[in-house]
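Below you'll find the structure, written out as structure tokens, and then a few comments.
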Amino acid sequence: MGTARVNHDLNDHLNTTMNPLDPDEFRRQGHLIVDFLADYYQNVEKYPVRSQVEPGYLRKCLPKIAPYEPEPIETILQDVQKDIIPGLTHWQSPNFFAHFQCNASIAGFVGEMLSTGFNVVGFNWISSPAATELESIVMDWLGKLLNLPTSFLFSGGGGGVLQGTTCEAMLCTLTAARDQMLNKIGRENMGKLVVYESDQTHFSLQKAAKIAGINPSNIRSLMTTKSTAFGLSPDSLRSAIQSDIKSGLIPLFFCATIGTTSSNAVDPLGPLCDVAKDYNIWVHIDAAYAGSAFICSEFHYFLHGIDGANSFSLNAHKWFLTTLDCCCLWLKDPSALIKALSTDPEILKNEASDSNQVVDYKDWQIALSRRFRAMKIWFVLRSYGVSNLRKFIRGHVKMAKHFEGLIAMDKRFEVVVPRNFAMVCFRVSPLMVANANQKLLGEEDANEFNSKLLESINAAGRVYMTHAVVGGVYVIRLAVGATLTDYCHVNKAWKEIQEHAHTMQS
Ligand SMILES: *Cc1c(COP(=O)(O)O)cnc(C)c1O
């Protein structure tokens, strides 16, 4: 009886029950999804940009338990349309100007399809040599395009790796710096290590420092001011370091930013790296958003002094047409990272790794398993070519300049911080708010007015922007960069902003 039953199951397994990789069904369903997405992109402007659902909406739509019997793809897709799409904020809408954009593209998408389709796990070279080698090659390609010093490239003794996100890249580099230092000075000094950032640095550094075990009271968030356009002054870095040394602490790590999230501020790399060098501090450069712009030479002056840094990262999924997730990290000395993160378990032993002639990317990241992300970048670079990628970036910068021009023509509004790249931080000026209220009011009232204005615009659903507070001032951020955005969308956003401001003032 037992044998007969087993045979029956074996026959059944892939034929009559289901075959999750049946080629014909794969083709059919794959085409359905591509058609579904093509329709989505065609109609994306019809949906409110920011989702308008209430918290918990989906529980009311879906059954309490998972289905026992299989359901056809057509039924599932109907529910995607009916239940899921209303709960999406449409990041690919051309009217999305919030946060920083997250570029989708055909090349990114088909590269992702291949990567997912092959579904290889390239943790070391032998686990899929092409995944590792393509990654090293595209990281050198991209590094050269960005004008990074050769010391950051494999061809110059450094190297690059694809991570999921900037948070991971920061944690990995901080860990590399930490272990390099502790190996020199002894583990017992862990509590003395100090990390430096500015008050504009992305919160991912704070998170990385927490995970890396940095004493929470040893994170120096140095103040920036409007007078330096919210870039960090080298003097304040130096004096913070000197005061820590006086207290018996050990300066470890400094994160500089090119293109801060709040206002696109740029820290002056050269002078800051000079300070860091005097104290032997690891410098990481976070260019998560703005980094992609360095394929255009007119932005290279921001990189002046980068030779003094130890690592550099950018998110290709923000402004480089490479779908989420794809953070590019380069290091001058990958061995510091590898020493901190490598493991050498028996089950992964192989000749190639032992020969020391290959890269085993599991030693360059947190996780063991990893996706074939290089496929996406390779497709993006080849499908569009550097020439079009440059046009893409420059197009957004020009649209942001155009938006600045529109603001300049309306005296009710003002640009709050100088524009770098393709984001404009603006507000209704306090003077106008005061006039509207028939009395003289302070900054706080302006902040409240602008915050209400933004909510009113976003609630209407035709455009979506987000805010920041810089130097105590509430600013509305218009980040131009969605793949589908064109001048008509920027103009429409401006009209929408003016109309809401007008309604609120009258
Ligand atoms: C977006 C952003 C980050 C965070 O990126 P993740 O990939 O989401 O971790 C960090 N720094 C800057 C400057 C950013 O713009």
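The values are calculated or read from the model by the stated rules, or taken from the named source; none is laboratory data. The model shown is predicted, which means the values in this text are computed figures rather than measured ones. A quick note on method: Cβ atoms are made from the backbone with ideal geometry, for glycine too, and the neighbour counts reach across all protein chains shown. What goes into the accessible areas is simple: the full protein's heavy atoms, side chains included, and nothing from ligands, DNA or RNA. Shrake-Rupley method; radii C 1.70, N 1.55, O 1.52, S 1.80 Å.
Distance between the C-alpha centres of region 360-402 and region 221-282: 28 Å, rounded to the whole angstrom. Across the chain, Cα-Cα pairs farther apart than 34 Å form 46% of the total. In terms of overall dimensions, region 188-304 has a Cα radius of gyration and Dmax of 14.1, 47 angstrom.
Here is the P(r) of region 121-371: all C-alpha pair distances, binned every 5 Å from 0, give 1, 6, 14, 19, 20, 16, 12, 7, 3, 1, 0, 0 in whole percents.
Think of region 382-505 as a dipole: +1 on every Lys or Arg Cβ, -1 on every Asp or Glu Cβ, centred on the Cα centre; then among Phe421, Leu478, Ala446, Phe421 lies furthest on the positive end. Rg of the Cα atoms in region 118-192, relative to 2.2 N^0.38 Å, amounts to 1.38. Within region 256-275, which residues have the backbone N less than 17 Å from the label spot 7 Å out from Asn147 along Cα→beta-carbon, could you tell me? What the label zone holds, given the 17 Å backbone N cut-off, is 258-259, 266-271. Our estimate of slack between Lys492 and Thr116, defined as 0.36 nm per intervening residue step minus the Cα-Cα distance, is 131.6 nm.
If you put +1 on each Lys and Arg Cβ and -1 on each Asp and Glu Cβ, how big is the dipole of the chain around its Cα centre, in Debye rounded to 20?
Here the chain has a charge dipole of around 1140 debye.
The residues of region 252-332 expose, per residue, 24 Å² of accessible area to a 1.4 Å probe. Multiplying the residue separation of Asn189 and Glu25 by 0.36 nm and subtracting their alpha-carbon distance yields 53.1 nm. Membrane-span-like helices in the chain: DSSP H runs reaching 20 Å or more (Cα, own axis), mean Kyte hydropathy at least 1.6? What comes out of the filter, once short or polar helices are dropped, is none.
Of the solvent-accessible surface of region 324-365, computed with a 1.4 Å probe and all protein chains present, 49% belongs to carbon and sulfur. All distinct Cα pairs of region 139-250 go into the 1/r average, and the inverse of that average, the Kirkwood radius, is 15.9 Å. For region 71-225, the average shadow cast by the Cα convex hull is 15.4 nm², which is a quarter of the hull's surface.
The relative contact order of the chain, computed from alpha carbon pairs under 8 Å that lie at least 6 residues apart in sequence, is 21 percent. Using R₀ = 25 Å, calculate the FRET efficiency as 1/(1 + (r/R₀)^6) where r is the Cβ-Cβ separation of Glu455 and Cys61; round to 0.05. Once the sixth-power term is evaluated, E becomes 0.45. Extending 7 Å from Cα along the Cβ direction at Glu346 and again at Leu484 yields two label points whose distance is 5.6 nm.
Considering only Thr322, Ile393, Tyr68, the residue lying farthest towards the positive end of the dipole of the chain is Ile393, judged by Cα position with unit charges set on Cβ. Would you please give the FRET efficiency between Lys277 and Ser51, computed as 1/(1 + (r/R0)^6) with r the Cβ-Cβ distance and R0 = 51 Å, to the nearest 0.05? Result of the calculation: an efficiency of 0.60. Placing R0 at 25 angstrom, the Cβ-Cβ distance between Ser369 and Lys339 gives a FRET efficiency of 0.75 after rounding to 0.05.
Once Rg and the Kirkwood radius are both taken over the C-alpha atoms of region 467-506, their ratio Rg/Rh works out to 1.07. Look at the alpha carbon pairs under 8 Å that are at least 6 residues apart: their mean separation over the length of region 364-506 gives a relative contact order of 21 percent. Beta bridges per DSSP, both residues in the chain: antiparallel share near 60 percent.
Seen from all sides and averaged, what is the projected area of the convex hull of the Cα atoms in region 382-505, in nm²?
Averaged projected area of region 382-505's Cα convex hull equals 8.1 nm².
Counting only protein heavy atoms and a 1.4 Å probe, region 382-505 has 45 square angstrom of accessible area per residue.
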